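These notes are about the structure you will find just below.
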Amino acid sequence: MHNYPLTACCLRRVASMVFLCFATILSISAQSSPTKYHFKEFKLPEINRRALDIKPNLSGALIRNLLSGKDLLSSSSKITQNIGLQYSYFHNSKRKQIFHNLYIGQSYNAINQLSDFHSSFNPRINRQFGSNLYHSAVNRYYFTSRHFSEINWDVQGSFFDRRTLTSAASLLTQTNTYFYSISVPLKTGIGRVEPVQDVFSAAFMAEDMLQVGILDSPMEQEELFELGRVMADARNLRIFDARKKRMYELSQLDNWFKDIGKAKVDNILYYNTMADNWLFAFSGVRYSGRRISTSVTPGFQYFGNEGNAPNTRLSFSGAFLLEQFLPLSRTWQLDYSINVGISRNFVSVDVYSEYRFFTPFMAAQLELGCFPNSRTSIHFNARVAGEFYGAYPSILQTFASFHASGNIFLNYRTRLYADVHWDYYRTSDNAIYQHPRAFLPQAGLRNIDYGANIRLIYSLF
Amino acid sequence: MKTYHSHLASPCLLLATFLIAGLCSIQAQIEPQNYDYRTFRFPEINRRALELFPSLSMDGTDSRNRRFGIPDQNSSYTTAGLNAQYGYFHNSLAEQIQHTGSLYQLASFSRIERTDPPSRSETNEYEARLSTEGINRFYYGKRRSFIEINWDIDAVFTASNHINTSLTDVRKERFYAYLFSVPLRFGWGRIEPIDDVFLAHFMADDMLEAGILDHPLPQESLFELGRVMADVRNQRIFDARKKRMYELSQLDNWFKDFGYAKVDNILYYKTLADNWLFGFNNTRFSGSRFSFGITPQADYWAPHQQEPSVINMLAMQAIYEGSTPLNQHWQIGYTVQTELAFLSNENWLNNSVSRPGLSAEFKWGFYPNSRTRFTGYMGVDYQLFLRTWRKILASETIAGLQMDYFINYRTRLVINLAGRHYRTPKADFVVGHPLIPRADAVRLNVSGALELTYSFF
């Protein structure tokens, strides 16, 4: 009885959101002009790109204030060192779609603060050593043109050692924290999703060239798609220096325009239009295609700090995922996804308490993008999600959100930036979980965050 | 006196060694000069810009915790701002004028409501900052004499009201601060910004290397290209993309009119665009200037419910500053300033402090290509605070080095080093007057950073 008004209120909000989504889709469908190009048919070329960079940093500072020559007033020194190794790999072909990311980082900070300004102040020396690792991989293998299997993994690990010492270097406090997480989603499914933003860059560039008279007629679909593939190829080639890379990319585009022979090349207007679109136009990420998959994911998480029993979570989950990316036209993009599944969890909160429970979960997301020109982008995103923790007594966790943002070019003197967000979070009432436990949400919470921002830039002269 | 001499000696010796070593090193590396950059003249420029930035923002949270005795909370935070920015730059034979101004305003309203026990608190705040700086240098006569009427104005006002309904308490806070300074100067000499002629030089070098030009540009052509660059850079065009297209078109027109470049091919365009859009934009000047004058200044500071602090100053100054491009790659600059200032605090009327001072700074820059730069500086500043029987000499030495080093296409190195040493000698007092610094104090600040990027593949 107590929860009834709240549940009704939630239902009303969800119904409003669903209505809003349908109304938006209908409105877009009504406004979509007959598409001249079938962007859904665009296929990314074969791409194979690897990069490995290392970035070491070292910085330090020393501040000393002395009074009466030798008597120390205050002194502080700081030294920071870190090193980061970053690796990425992207492969796209008819048979494979592979994305790998790896980051290995290590850092060391030492801060010494000595002062006798105040007799109550104790000199402190703080030391912190940290290292972290993150590796994610998607390996999608197509055994027919539509059917695929995936062996993915997501590995994270971090270790921190924090120490406080006295000015005589005696240890006052020490804290060590560890976090490890590994999950290995295994998927199988049907369908294919391709990144297609390059074909839209090509469309905007071709439109600008048509407008200034470099092209006499609109490009044929195959020509536009070929330009999109040349762009994707050039963008994905690894060239170490950014300036050299840009020069190479522009040469590739120029070669292509010369080869097709339709553009009035070799004049500053042509080069300006090409370079402006390539270097300074918005290039939002857009996809095309549908993918339906089922997955099984074993996962393990470990969190520990010295002096306390570690918390662990072992889980096995099964899920169904539908992802649809629809470039409705050059201007409109509609994406949605639905994820439904269940996981079996074994949570150890301390050495004496272990919880075993099922967690059914679902998430649905709808995203609408509007790109009227290469200077404006508007996004709308709606998401609902729920997880039911079947431990005794159970907890239902629900999320709903609506986000909209726009970067709008009104005219050459005026630009408008606006965003709106509304986030809803709720966990069901439960007397047992008075405090949040590791890997379990706190019960009896209801939180709504909302906000809006609007900024205008206007040049008077 | 002996103490003051020993304080002066060590930074002066350091500065002298640094100057001699720097000049010897530069002289050793100077190539035979092809161009006399000192004869480059910046074109007549007249540029104004005024932009408005209105904004409105609102955030809110409604949170309920139904169990644990933690009160429910409903809060919101709304801000509204109106900022404006103004800039004016004018350069001609008769005038060098630079004005900047900014206005920042923000009004915010926050509200928090809690249950158990019921309470509601509101905070309304308003903040306004106005800052404007003007340099107005008017030239007359044949000796390139000038008169300068400048200003530097900063004003801050903040107001806040805190209302707590459960305590029926209203608290109001106000804060004011103003700084008003009007330096008036006379002098002779002229310093011109000449960055663009070096950008033109690096661009011409790249074109020569790529075979777009068959031979180096003659001096007059290079200077003309530099003037075209300065002209287009200072043209006001509202949209950044349109502006870049206009700039590249103007440079292209110049190369076409020039007639010796192999234009209308992608190699030419790439070299043009790469240098214009992505080459380092270094700040380089040429010329020297001597000026003397007076600076009246008032500084007012009034924190909430505290006695306002007022410091009035009248300073007489003589400044000699210069900047010399030794060649395409090397640049040096120097400033020597001497000052006699009289300071008084409103609460210490008839207790003014006089402050003679001498400062010098030397700067150098090395620009081997449009991807690398090394710059450094070193300076000393001595200020003698005098008031009846109390006197104290405050000395400060600063030095710094910045390096942005393109080693090769896989490797880049960035180094920043900075140091500052401040010292006052022993005296028969520690704190003698609010306008006199503390005696027998040493402050040392040293900082450094090193960053390397290396790409394996």
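The values are calculated or read from the model by the stated rules, or taken from the named source; none is laboratory data. Everything quoted here is computed from the prediction, not taken from an experiment. Here the Cβ is made from the backbone with ideal geometry for all residues, glycine too, and neighbour counts use every protein chain on show.
Yes/no per residue for (1) surrounded by fewer than 19 Cβ atoms within 10 Å (Cβ to Cβ); (2) closer than 30 Å to B:Leu248 by Cβ; (3) modelled with pLDDT of 90 or more; (4) not charged (D, E, K, R):
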| position | (1), (2), (3), (4) |
| --- | --- |
| A:Gly284 | yes, yes, no, yes |
| A:Arg291 | no, no, yes, no |
| A:Pro310 | yes, no, no, yes |
| A:Pro327 | no, no, yes, yes |
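For residues that are more than 9 Å from chain A (Cβ to nearest Cβ) and loosely packed, with under 15 Cβ neighbours inside 10 Å, tally how many sit in segment B:415-427.
Number satisfying all stated conditions: 0.
Just to be sure, is B:Lys262 farther than 30 Å from A:Asn411 by Cβ, among the charged types (D, E, K, R) and at the interface with chain A (Cβ under 10 Å from one of its Cβ atoms)? So that I can check it myself, show each step before the final result.
Numbers: farther than 30 Å from A:Asn411 by Cβ: yes; among the charged types (D, E, K, R): yes; at the interface with chain A (Cβ under 10 Å from one of its Cβ atoms): no.
Against the criterion (farther than 30 Å from A:Asn411 by Cβ, among the charged types (D, E, K, R) and at the interface with chain A (Cβ under 10 Å from one of its Cβ atoms)), B:Lys262 does not qualify.
Looking only at segment A:364-399, which residues are hydrophobic (A, V, I, L, M, F, W, C) and either part of a loop (DSSP other than H, G, I, E, B) or free of Cβ contacts under 8 Å to residues at least 40 places away in the same chain (or both)?
Across segment A:364-399, the qualifying residues are A:Ala364, A:Cys370, A:Ile378, A:Ala385, A:Phe388, A:Ala391, A:Leu396, A:Phe399.
Identify all residues within segment B:358-383 that are hydroxyl-bearing (Ser, Thr, Tyr) and part of a strand (DSSP E or B); write none if there are none. Quick ask: steps written out before the conclusion?
The first filter runs over segment B:358-383 and keeps only residues hydroxyl-bearing (Ser, Thr, Tyr), leaving B:359, B:367, B:370, B:372, B:375, B:377, B:382.
Hits for segment B:358-383 are B:Ser359, B:Tyr367, B:Thr372, B:Thr375, B:Tyr377, B:Tyr382.
I need a count of the residues in segment B:379-436 that are aromatic (Phe, Trp, Tyr) and at positive phi.
Within segment B:379-436, the subset aromatic (Phe, Trp, Tyr) is B:382, B:385, B:389, B:405-406, B:409, B:422, B:429.
Checking the rest, the ones that are also at positive phi come to none.
So the answer is 0.
Any idea which of (1) part of a strand (DSSP E or B); (2) in contact with a Pro (Cβ under 9 Å, 6 or more places away or on another chain) is the one A:Val199 doesn't satisfy?
(1)
Out of curiosity, is B:Phe238 at the interface with another protein chain (Cβ under 9 Å from one of its Cβ atoms), of a type outside the set (Asp, Glu), closer than 17 Å to B:Ser370 by Cα and free of Cβ contacts under 8 Å to residues at least 24 places away in the same chain? Spell out the reasoning first.
On the way: at the interface with another protein chain (Cβ under 9 Å from one of its Cβ atoms): yes; of a type outside the set (Asp, Glu): yes; closer than 17 Å to B:Ser370 by Cα: no; free of Cβ contacts under 8 Å to residues at least 24 places away in the same chain: yes.
It is false that B:Phe238 is at the interface with another protein chain (Cβ under 9 Å from one of its Cβ atoms), of a type outside the set (Asp, Glu), closer than 17 Å to B:Ser370 by Cα and free of Cβ contacts under 8 Å to residues at least 24 places away in the same chain.
Of (1) within 14 Å of chain B (Cβ to nearest Cβ); (2) over 22 Å from A:Phe200 (Cα atoms); (3) of a type in the set (Phe, Trp, Tyr); (4) crowded, with 16+ Cβ neighbours inside 10 Å, A:Tyr355 satisfies all except one. Which?
Result: A:Tyr355 passes all but (1).
In segment A:227-266, what residues are within 18 Å of B:Leu267 (Cα to Cα), more than 9 Å from chain B (Cβ to nearest Cβ) and of a type in the set (Lys, Arg)?
Correct list: A:Lys245, A:Lys264.
Is there any pair linking a residue in segment A:145-165 that is on the phi < 0 side of the Ramachandran plot to one that is part of a loop (DSSP other than H, G, I, E, B), with Cβ under 6 Å and at least six apart or on different chains, and which?
Qualifying pairs under 6 Å: A:Asn152/A:Pro185; A:Trp153/A:Val184.
Condition test on B:Glu173, is it in a strand (DSSP E or B), touching a residue at least 60 places away in the same chain (Cβ under 8 Å) and loosely packed, with under 14 Cβ neighbours inside 10 Å?
Spelling it out, B:Glu173 is indeed in a strand (DSSP E or B), touching a residue at least 60 places away in the same chain (Cβ under 8 Å) and loosely packed, with under 14 Cβ neighbours inside 10 Å.
Please go through segment A:358-384 and pick out each residue that is surrounded by fewer than 18 Cβ atoms within 10 Å (Cβ to Cβ) and of a type in the set (Ser, Thr, Tyr).
Residue satisfying the conditions is A:Thr376 alone.
Just to be sure before I move on: is A:Ala418 at pLDDT 80 or above and more than 7 Å from chain B (Cβ to nearest Cβ) in the structure I sent? Write out each step before concluding.
On the way: at pLDDT 80 or above: yes; more than 7 Å from chain B (Cβ to nearest Cβ): yes.
Taking the combined requirement at face value, the residue satisfies it.
Report whether or not A:Met274 is in contact (Cβ under 8 Å) with a residue 24 or more places away in the chain and surrounded by 16 or more Cβ atoms within 10 Å (Cβ to Cβ).
Values: in contact (Cβ under 8 Å) with a residue 24 or more places away in the chain: yes; surrounded by 16 or more Cβ atoms within 10 Å (Cβ to Cβ): yes.
The answer is yes for A:Met274.
Scan (1) without any contact (Cβ under 8 Å) to a residue 60 or more places away in the chain; (2) within 14 Å of chain B (Cβ to nearest Cβ); (3) more than 15 Å from A:Asp198 (Cα to Cα); (4) among the acidic types (Asp, Glu) for the single condition A:Asp216 breaks and write down its number.
(2)
Would you point out the residue of segment A:221-245, among those that are of a type in the set (D, E, K, R) and in contact with an Asp or Glu (Cβ under 8 Å, 6 or more places away or on another chain), that is nearest to B:Arg371 (Cα to Cα)? Quick ask: steps written out before the conclusion?
Taking segment A:221-245 as the starting set, the residues that turn out to be of a type in the set (D, E, K, R) are A:222-223, A:226, A:229, A:233, A:235, A:238, A:241, A:243-245.
Right, trim to in contact with an Asp or Glu (Cβ under 8 Å, 6 or more places away or on another chain) and you get A:229, A:235, A:243.
Values: A:Arg229: 31, A:Arg235: 22, A:Arg243: 10 Å.
Residue satisfying both the conditions and the ranking: A:Arg243.
With respect to A:Ile457, determine if the residue is modelled with pLDDT under 85, more than 30 Å from A:Thr359 (Cα to Cα), part of a strand (DSSP E or B) and not charged (D, E, K, R). It would help to see each step written out before you state the result.
Details: modelled with pLDDT under 85: yes; more than 30 Å from A:Thr359 (Cα to Cα): yes; part of a strand (DSSP E or B): yes; not charged (D, E, K, R): yes.
So A:Ile457 passes the test.
From the list B:Arg185, B:Arg289, B:Arg241, which one is part of a helix (DSSP H, G or I) and surrounded by 15 or more Cβ atoms within 10 Å (Cβ to Cβ)?
On the way: B:Arg185 fails: part of a helix (DSSP H, G or I); B:Arg289 fails: part of a helix (DSSP H, G or I).
Among B:Arg185, B:Arg289, B:Arg241, only B:Arg241 is part of a helix (DSSP H, G or I) and surrounded by 15 or more Cβ atoms within 10 Å (Cβ to Cβ).
I'm checking my understanding of the structure. Among residues of segment B:405-423 that are modelled with pLDDT under 90 and in contact with a Lys or Arg (Cβ under 9 Å, 6 or more places away or on another chain), which one is farthest from B:Tyr377 (Cα to Cα)?
Among residues in segment B:405-423 that are modelled with pLDDT under 90 and in contact with a Lys or Arg (Cβ under 9 Å, 6 or more places away or on another chain), the one farthest from B:Tyr377 (Cα to Cα) is B:Tyr409.
Only one of B:Val228, B:Val232, B:Val197 is among the β-branched types (Val, Ile, Thr), in a helix (DSSP H, G or I) and touching a residue at least 60 places away in the same chain (Cβ under 8 Å); which? Please lay out each step first, then the result.
Values: B:Val228 fails: touching a residue at least 60 places away in the same chain (Cβ under 8 Å); B:Val232 fails: touching a residue at least 60 places away in the same chain (Cβ under 8 Å).
When all the criteria are applied, what remains is B:Val197.
Among the numbered criteria (1) within 11 Å of another protein chain (Cβ to nearest Cβ); (2) in contact with a strand residue (DSSP E or B) (Cβ under 9 Å, 6 or more places away or on another chain); (3) surrounded by fewer than 15 Cβ atoms within 10 Å (Cβ to Cβ), which single criterion is violated by B:Asn253?
So B:Asn253 meets the others, but not (2).
Could you please let me know if A:Leu224 is in contact with a Phe, Trp or Tyr (Cβ under 8 Å, 6 or more places away or on another chain) and either buried (at least 16 other Cβ atoms within 10 Å of the Cβ) or away from every other protein chain (no Cβ under 14 Å) (or both)?
Details: in contact with a Phe, Trp or Tyr (Cβ under 8 Å, 6 or more places away or on another chain): yes; either buried (at least 16 other Cβ atoms within 10 Å of the Cβ) or away from every other protein chain (no Cβ under 14 Å) (or both): yes.
Yes; evaluated as a whole, the condition is true for this residue.
Could you give every pair whose Cβ atoms fall below 9 Å, whose first residue belongs to segment B:428-457 and is more than 7 Å from chain A (Cβ to nearest Cβ), and whose second residue is among the acidic types (Asp, Glu) and not in a strand (DSSP E or B), counting only separations of at least 6 or pairs across chains?
These pairs meet every condition: B:Val430/B:Asp440; B:Ala439/B:Asp428.
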